[in-house]
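The values are calculated or read from the model by the stated rules, or taken from the named source; none is laboratory data. The structure displayed is predicted, hence computed values, not measured ones. Ideal geometry is used to build each Cβ from the backbone, glycine not excepted, and the neighbour counts take in all protein chains shown. We work out accessible area using only protein heavy atoms, side chains counted, and drop any ligands, DNA or RNA first. Shrake-Rupley method; radii C 1.70, N 1.55, O 1.52, S 1.80 Å.
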Amino acid sequence: LDGIHVRGNQNPCIRDNSVKATNDDGIASIFSVNNLIVNNSVNREGTVNLAGNGIYVADKGTVVEGNYIESTPLNGITVDDHEGYQASSLKLLNNTIKNAGVVDKGIHYGGILLNFAYDSIVYGNIIDGSLYDGIRVYNGSRNTISSNTIINSHRAQQGWSGDIVLEYQSTYNSILDNMVDSETCAFKEIGWGVDYNTVHFHESISGEIDVEGAFTTVGLV
């Protein structure tokens, strides 16, 4: 299933690998601490089983940096709370994700998903051509999403989708200085308890900024 699978380790390093056409996640790291996932290439094109992410992480303190990820059925990178193991203090840095979420199951697959993730940094990533969201945070807090480039999100205008989305009890997140090309929904808050976030975009932003939660600070840089 997974191309590379790491479980319950401390300080492992997954570096400079090429992973192609796996039947689940390209690279998965679960229940680990201070992992490095660096400079790998994951291409899911041609896979038989239309499931799985490019990189799946349910760790503490892991760094995912400089990877190239293409044609994933689900998300390019998923950070997850797996079987109650709390994902936190991760860094997703300078990854390139192309054509993520190619399988349309009515679920909002896209570039990067932070699912029940806390105290993490998403910085300098390029997300090109995700099916739904560019970056989505679901029930995550104290995450910083900054200086990412999101282009060609195919369905950012539909329903709950957007280039960057905070959903359901996502609080105290900082959305700073990201570049998006959306003509529709550049940023969206949706769901109960999405409050106390900080959102700053470039003045050149053309897409809608849809803020629903209370106590959210919105501005331009």
Quick check on the range 76-94. Is at least one of its residues at pLDDT below 95, under 17 Å from Ile27 (Cβ atoms), open to solvent by less than 60 Å² (accessible area, probe 1.4 Å) and in contact with a Ser or Thr (Cβ under 6 Å, 6 or more places away or on another chain)?
no
Can you tell me which residues in the range 36-55 are buried (at least 24 other Cβ atoms within 10 Å of the Cβ) and assigned to a strand (DSSP E or B)?
Ile37, Val42, Ile55
Given (1) aromatic (Phe, Trp, Tyr); (2) touching a Pro at 6+ places or on another chain (Cβ under 9 Å); (3) more than 21 Å from Leu50 (Cα to Cα), where does Tyr109 come up short, assuming only one miss?
(3)
Find the residue count for the range 56-88, including only residues that are assigned to a loop (DSSP other than H, G, I, E, B) and either of a type in the set (A, V, I, L, M, F, W, C) or over 11 Å from the mean Cα position of the chain (by Cα) (or both).
12
Limited to the range 101-119, what total is found for residues that are buried (at least 20 other Cβ atoms within 10 Å of the Cβ) and either within 11 Å of the chain's Cα centre (by Cα) or among the charged types (D, E, K, R) (or both)?
7
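So, Asp181, is that one open to solvent by 20 Å² or more (accessible area, probe 1.4 Å), at pLDDT below 95, over 17 Å from Leu92 (Cα atoms) and of a type in the set (Asp, Glu) or not?
Numbers: open to solvent by 20 Å² or more (accessible area, probe 1.4 Å): yes; at pLDDT below 95: yes; over 17 Å from Leu92 (Cα atoms): yes; of a type in the set (Asp, Glu): yes.
Answer is yes for this residue.
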Is there any pair with a first residue in the range 136-153 that is charged (D, E, K, R) and a second that is assigned to a loop (DSSP other than H, G, I, E, B) and surrounded by fewer than 19 Cβ atoms within 10 Å (Cβ to Cβ) whose Cβ atoms are under 9 Å apart and which are 6 or more apart or on different chains, and what are they?
Arg142/Asp119; Arg142/Tyr172
Out of the residues in the range 56-75 that are open to solvent by 10 Å² or more (accessible area, probe 1.4 Å) and acidic (Asp, Glu), state the one that is farthest from Asp128 (Cα to Cα).
Glu65
Residues within the range 1-14 that are under 21 Å from the mean Cα position of the chain (by Cα) and either part of a loop (DSSP other than H, G, I, E, B) or of a type in the set (Val, Ile, Thr) (or both), tallied:
5
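Hey, can you tell me all the residues within the range 15-30 that are assigned to a strand (DSSP E or B) and either among the acidic types (Asp, Glu) or within 19 Å of the chain's Cα centre (by Cα) (or both)?
Step one: filter the range 15-30 for residues assigned to a strand (DSSP E or B), giving 15, 18-20, 27-30.
Within the range 15-30, Ile27, Ala28, Ser29, Ile30 qualify.
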Taking Gly8 as meeting all but one of (1) modelled with pLDDT of 95 or more; (2) touching a strand residue (DSSP E or B) at 6+ places or on another chain (Cβ under 6 Å); (3) closer than 27 Å to Arg142 by Cα, write down the number of the exception.
(1)
Can you pull out every residue in the range 142-162 that is surrounded by 19 or more Cβ atoms within 10 Å (Cβ to Cβ) and either at pLDDT 80 or above or part of a strand (DSSP E or B) (or both)?
Asn143, Ile145, Asn148, Ile150, Gly162
